[in-house]
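Q: My questions all concern the structure below.
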Amino acid sequence: RKTMLFNINLVLLIHTLSTWAMVGLIWTIQLVHYPGFFFIDPARSLEFAQFHQSRISLIVLPLMLTELMTGLMLMGSLKGSVLTQPILISMIMLAVIWATTFLISVPCHQKLSAGFDDSAARLLVNSNWIRTLLWTLRGLIVAKILHDLLPAQIGA
């Protein structure tokens, strides 16, 4: 039983860290990086967009996949507990984040990789608020889950 509790705690810790890494990253992207598309010399916008896509993927993909996998593990581990609803709500938020990423953000990046497109850049910045706000809310929910679960496990 202690091994299972340790694993739940470890999964929760990894989940919390990956979520908060994404919270920090998404705010940086929202406030600094995406608006930077409007300050790039049009002659270098294609180069910048391709650079962004190749480099940001090295950071974002492992974090998003870790967050997804550990979140699914938590859903299974916490099923039937008082934390079922908060983890379920946070995972629904994550599903919306993934949908927004692949249905809006990725197509915008694809357009920008063909050359600067003002409407694609504006849609990217504006729609990214969905991900920014949802990741921030997820971070708060996950922090609350961590707060609620760890003391109970330590005392067990």
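Q: Only one of 111, 144 is charged (D, E, K, R), in contact with a helix residue (DSSP H, G or I) (Cβ under 8 Å, 6 or more places away or on another chain), assigned to a helix (DSSP H, G or I) and within 18 Å of residue 34 (Cα to Cα); which?
A: Numbers: 144 fails: within 18 Å of residue 34 (Cα to Cα).
From the options 111, 144, the qualifying one is 111.
Q: Under 8 Å between Cβ atoms, at least 6 apart or on separate chains: pull out the pairs that start in region 111-135 with a residue that is basic (Lys, Arg) and end on any residue that is open to solvent by 20 Å² or more (accessible area, probe 1.4 Å) and modelled with pLDDT under 95.
A: Pairs that qualify, where the first residue is basic (Lys, Arg) and the partner is open to solvent by 20 Å² or more (accessible area, probe 1.4 Å) and modelled with pLDDT under 95, are 111/117.
Q: Are any residues in region 103-138 closer than 27 Å to residue 41 by Cα, under 20 Å from the mean Cα position of the chain (by Cα) and of a type in the set (Phe, Trp, Tyr), and if so, which ones?
A: Once the filter is applied, which keeps residues that are closer than 27 Å to residue 41 by Cα, under 20 Å from the mean Cα position of the chain (by Cα) and of a type in the set (Phe, Trp, Tyr), region 103-138 yields only 129.
Q: Sticking with this structure for a sec: Can you confirm whether residue 106 is of a type in the set (Val, Ile, Thr) and free of Cβ contacts under 8 Å to residues at least 12 places away in the same chain?
A: Working: of a type in the set (Val, Ile, Thr): yes; free of Cβ contacts under 8 Å to residues at least 12 places away in the same chain: yes.
In short, yes.
Q: Of everything in region 32-47 that's farther than 17 Å from residue 123 by Cβ and in a helix (DSSP H, G or I), which residue is most open to solvent (accessible area, probe 1.4 Å)?
A: Here the answer is 39.
Q: What is the residue count in region 39-76 for residues that are among the basic types (Lys, Arg) and either under 20 Å from the mean Cα position of the chain (by Cα) or on the phi > 0 side of the Ramachandran plot (or both)? Let's see the steps before the verdict.
A: As a first pass, look at region 39-76 and keep what is among the basic types (Lys, Arg): 44, 55.
So of that shortlist, the ones also either under 20 Å from the mean Cα position of the chain (by Cα) or on the phi > 0 side of the Ramachandran plot (or both) come out as 55.
The qualifying residues number 1.
Q: Now a separate question. How about region 9-22: which of its residues are touching a residue at least 12 places away in the same chain (Cβ under 8 Å) and open to solvent by 10 Å² or more (accessible area, probe 1.4 Å)?
A: 9, 11, 13, 14, 16, 20, 21
Q: Same structure again: Which pairs have Cβ atoms under 8 Å, sit 6 or more apart or on different chains, and link a residue in region 139-156 that is of a type in the set (Lys, Arg) to one that is at pLDDT 90 or above?
A: As it stands, the answer is 144/86, since those pairs meet every condition given.
Q: So in region 52-77, with the set limited to residues that are open to solvent by 30 Å² or more (accessible area, probe 1.4 Å) and touching a residue at least 24 places away in the same chain (Cβ under 8 Å), which one is farthest from residue 36 (Cα to Cα)? Before you say what the answer is, go through the steps one by one.
A: Filtering region 52-77 for residues open to solvent by 30 Å² or more (accessible area, probe 1.4 Å) gives 53-59, 61-63, 65-66, 68-69, 72-73, 75-77.
Narrowing the set further to residues that are touching a residue at least 24 places away in the same chain (Cβ under 8 Å) leaves 53, 56, 59, 63, 66, 68, 73, 77.
Numbers: 53: 14, 56: 14, 59: 19, 63: 23, 66: 28, 68: 29, 73: 37, 77: 42 Å.
Filtering first and then ranking leaves 77.
The values are calculated or read from the model by the stated rules, or taken from the named source; none is laboratory data. Just so it is clear, the structure is predicted and the values come from calculations on it, not from any experiment. All Cβ positions, even for glycine, are placed from backbone atoms using ideal geometry, and neighbour counts span all protein chains on display. Heavy atoms of the whole protein, side chains included, go into the accessibility calculation; ligands, DNA and RNA do not. Shrake-Rupley method; radii C 1.70, N 1.55, O 1.52, S 1.80 Å.
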